[in-house]
Amino acid sequence: LKKARVCDTHNLFEIASSSVKKMCGERAALLEKVKPCLTRYGDATAQLCDSKCHGRANVTAFLNNPAIVRAAKMGGNLLAVNDHLGGLCRFVPLSLTVPL
């Protein structure tokens, strides 16, 4: 992000938020279908992830970081957020490989 010569903030936001839009929009019905499975097995999976990569602690630390809270109150700041992704960047790839 910082090395880009031009920062098209509209396009960047669209790209960054597209997965949320997809999951909360067109795939919301699918999430409802798997809700019983997530309810039954989700916590065990999260605990396994926590033991390997401290997933929930990293998410909590990120969301409570004063810079992130400030950016959220100002309507977002991708560059500020990017500077504080550390723990999340280690957690996300591992969370995608945890077996159910």
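Within segment 89-100, identify whether any single residue is assigned to a helix (DSSP H, G or I) and either modelled with pLDDT of 80 or more or among the small types (Gly, Ala, Ser) (or both), and answer yes or no. Within segment 89-100, one or more residues are assigned to a helix (DSSP H, G or I) and either modelled with pLDDT of 80 or more or among the small types (Gly, Ala, Ser) (or both). Out of 14, 32, one residue alone is assigned to a helix (DSSP H, G or I) and modelled with pLDDT under 85. It is 14.
I'd like to know if segment 66-78 contains one or more residues that are in contact (Cβ under 8 Å) with a residue 40 or more places away in the chain and under 23 Å from residue 14 (Cβ atoms). The answer is yes; a qualifying residue exists. Look at segment 39-63: where a residue is farther than 30 Å from residue 73 by Cβ and a partner is at pLDDT below 85, sitting 6+ places away or on another chain with Cβ atoms under 8 Å, you get 41/100; 45/98; 45/100; 48/98; 52/94; 52/98. Within segment 35-50, restricting attention to residues that are of a type outside the set (D, E, K, R) and loosely packed, with under 10 Cβ neighbours inside 10 Å, which residue is modelled with the highest pLDDT? Out of the qualifying residues, it is 36. Modelled with pLDDT under 80 and over 24 Å from residue 17 (Cα atoms) - does that describe any residue in segment 51-72? Yes: segment 51-72 contains one or more residues that are modelled with pLDDT under 80 and over 24 Å from residue 17 (Cα atoms). Within segment 73-80, is even one residue more than 14 Å from the chain's Cα centre (by Cα) and at pLDDT 80 or above? Looking for residues that are more than 14 Å from the chain's Cα centre (by Cα) and at pLDDT 80 or above, one finds at least one in segment 73-80, hence yes.
The values are calculated or read from the model by the stated rules, or taken from the named source; none is laboratory data. Keep in mind the model is a prediction, meaning the values are calculated, not measured. As a convention, Cβ positions derive from the backbone with ideal geometry for all residues, glycine included, and neighbour counts pool all protein chains shown.
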